[in-house]
Amino acid sequence: MDVEIVGRVLSTLPADDDHPYRTGPWRPQTTEFRADDLTVVQGEVPTDLDGVYLRNTENPVHPALRNYHPFDGDGMVHVVGFRGGEAFYRNRFVRTDGLLAEAEAGGPLWAGLAERPAIAKRDDGWGARGRMKDASSTDVVVHNGTALTTFYQCGDLYRLDPRTAETLGKATWGGDFPFDWGVSAHPKADDRTGELLFFNYGTQAPYMHYGVVDADDKLVHYVDVELPGPRLPHDMAYTENYAILNDCPLFWDPELIGQGHYAARFHPELPTRIGVIPRRGGPESIRWFEAESTYVLHWVNAYEDGEEIVLDGFFQGDPEPADNGMGNKWERAFRFLALDRMQSRLHRWRLNLRTGLVREEQLSDTVTEFGMMNGGYAGRDYRYAYAATGKPAWFLFDGLVRHDLKTGTEERISFGEGVYGSETAMAPRVGSTAEDDGYLVTLTTDMRADASYCLVFDAARLSDGPVCTLQLPERISSGTHSTWASGDSLPGWATSDDPATAVGL
Ligand SMILES: [Fe+2]
């Protein structure tokens, strides 16, 4: 492995930090690396794996003003690129306005999710509730050959080179970016049409918008989505002809908002509302379907099936887990992040466009979340979902499940004691002809080895274990959202001698 340190960021976190989401498997990095020809610990790098795996990370540089929440950390993007049977690695902080301002100030300036906005040191800020730092540490997607990082409370989209993870700037869409509302956690890049579908939300009517950016990076559609009040939608889905939005009954107490408190409460007496809108439809064309009360953090996929829309995602059996007195103070404080406490299971909603009725079914007994699939099947009938299992009581992924949605069977692997994975992306094999003809790629934080690895599995044979294990330069923080971009979707990739070289996007 050929390693070079390309950057260091000064951390002001305390040496005796005891926060479990800033220590142990969540210990943030301060170093940025360029590493080529990654050391192969086991197996061989497949020669038909070609492209980049990108993962975002909440990687805090400064302590919180009072209480750190694991979603507050500054964005750091890890890249593992594969070409010709070799692999490279890059990691860079997302150079957000907030990161740069706090670097200058030498400490935190904005309030985090577990803090009241009123304690922020600055009056400005980002997010649906305001006076937060847009850390751009939530998701990363690739649209139009450029990586975009996101902020779950709605913020800017930072543009990164998907090979080097270097920040290039912010999406402006020719000046039409909705700067006052921002974009939520999970915009969707539809590789078939080249479009980026997105939504945002806020505390003022209409409380949500939905929009479409075309393959030329132009905002071509942006409409109001009227909700009954402020909501906290996190994800969306789409089919060939429709975008699918949601109004789940877990939202900030509207009376407390007026007093500056943002307390999310679940309302089991209210239905989950699922909104279906033609992809370029006007505000009047949205149709709402009522389903069983829950909160859905992530959808997996959706597709049209005759007069029905099939929508798959993770149903939470307990969106507001009570403090049951079990575990230490941290486990109790962050019980809302533990998959076993939320009881999230793969679920299918069938929305009947003719009758307006919804049929629901649980697809698996296994508690999983953070589902991924072959991106070439997004919006279409599909068969396989790959999802994470969680370490009980913690926001840590301890294994991976391959759900076969046609047979209802599943294959499951554990990463092993003290080893935590990331959201696992599916990378179709070059020239693949079947949905599961490809690889599953994830990054691990291995506390036993005090190291991190990139694991590559054969997507059709998960239980055989990794076909390849690559070592990263140092142990990285645990992290979640990721994506895969094939080499042929990246400008200059195929013609460059060194695929990791920036091509001036
Ligand atoms: Fe998410």
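Bear in mind that the values in this text are calculations on the coordinates, not laboratory data. Not measured: the values here are computed from a predicted model. Because the Cβ atoms are built from the backbone with ideal geometry, glycine has one as well, and the counts that use them run over all protein chains shown.
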- prompt: Under a point spin-label approximation (7 Å from Cα along Cα-to-Cβ), what is the residue 381-residue 494 distance to one decimal in nm?
  reply: 3.1
query: Each residue of the range 229-237 in order: what ³J(HN,Hα) in whole Hz does its phi give by Karplus 6.51 cos²θ - 1.76 cosθ + 1.60, θ = phi - 60°, with x for Gly and Pro?
result: x, x, 10, 10, x, 10, 9, 9, 9
- prompt: For the chain, what is the mean residue ellipticity at 222 nm derived from helices alone (per DSSP H run of n ≥ 4: -39500 (n - 2.57); sum divided by total residues; nearest 500 deg cm²/dmol)?
  reply: -1000 deg cm²/dmol
Isotropically averaged projected area of the chain, using the convex hull of Cα atoms (one quarter of hull area), nm²: 21.9
message: Explain nothing, just the number: relative contact order of the range 2-487, from Cα pairs under 8 Å at least 6 residues apart, as a whole percent.
response: 13
Amide H partners (placed H, <5 Å) of residue 160, local residues excluded: 147, 148, 149, 168
query: Which value, to two decimals, describes the C-alpha radius of gyration of the range 109-185 once divided by 2.2 N^0.38 Å?
result: 1.14
- line: Once amide hydrogens are built 1.01 Å from N within the peptide plane, the residues lying 5 or more places from residue 114 or on another chain with amide H under 5 Å from its amide H are 69
task: Enumerate the amide H contacts of residue 131 below 5 Å, restricted to partners 5 or more residues apart or on another chain; note that Pro and chain-start residues carry no placed amide H.
output: 125, 126
query: In sequence order, what are the phi-derived ³J(HN,Hα) couplings for the range 245-260 according to the Karplus relation 6.51 cos²θ - 1.76 cosθ + 1.60 with θ = phi - 60°, rounded to whole Hz, with x for glycine and proline?
result: 10, 8, 10, 8, x, 10, 7, 4, 4, x, 6, 6, 4, x, 9, x
statement: A correct Karplus calculation of ³J(HN,Hα) over the range 187-201, with 6.51 cos²θ - 1.76 cosθ + 1.60, θ = phi - 60°, whole Hz and x for Gly and Pro, returns x, 10, 8, 8, 5, 6, 9, x, 8, 10, 9, 8, 9, 9, 8
- line: Rounded to the nearest 5, the percent of DSSP beta bridges in the range 15-127 running antiparallel is 100
- line: Quarter of the surface of the C-alpha convex hull for the range 132-251, i.e. direction-averaged projected area in nm², equals 7.4
message: Give me log10 I(q)/I(0) at q = 0.13, 0.14 Å⁻¹ for the range 373-504, Debye formula, one equal scatterer per alpha-carbon, no solvent.
response: -0.60, -0.69
query: Projected area of the range 1-152, taken from the Cα convex hull and averaged over every viewing direction, in nm²?
result: 10.5
- prompt: Okay, which of the range 30-50 sit inside 19 Å, backbone N to the point 7 Å along the Cα-Cβ direction of residue 448?
  reply: 41-43
- prompt: Using 7 Å Cα-to-Cβ label points, what is the residue 8/residue 324 separation (nm, one decimal)?
  reply: 4.6
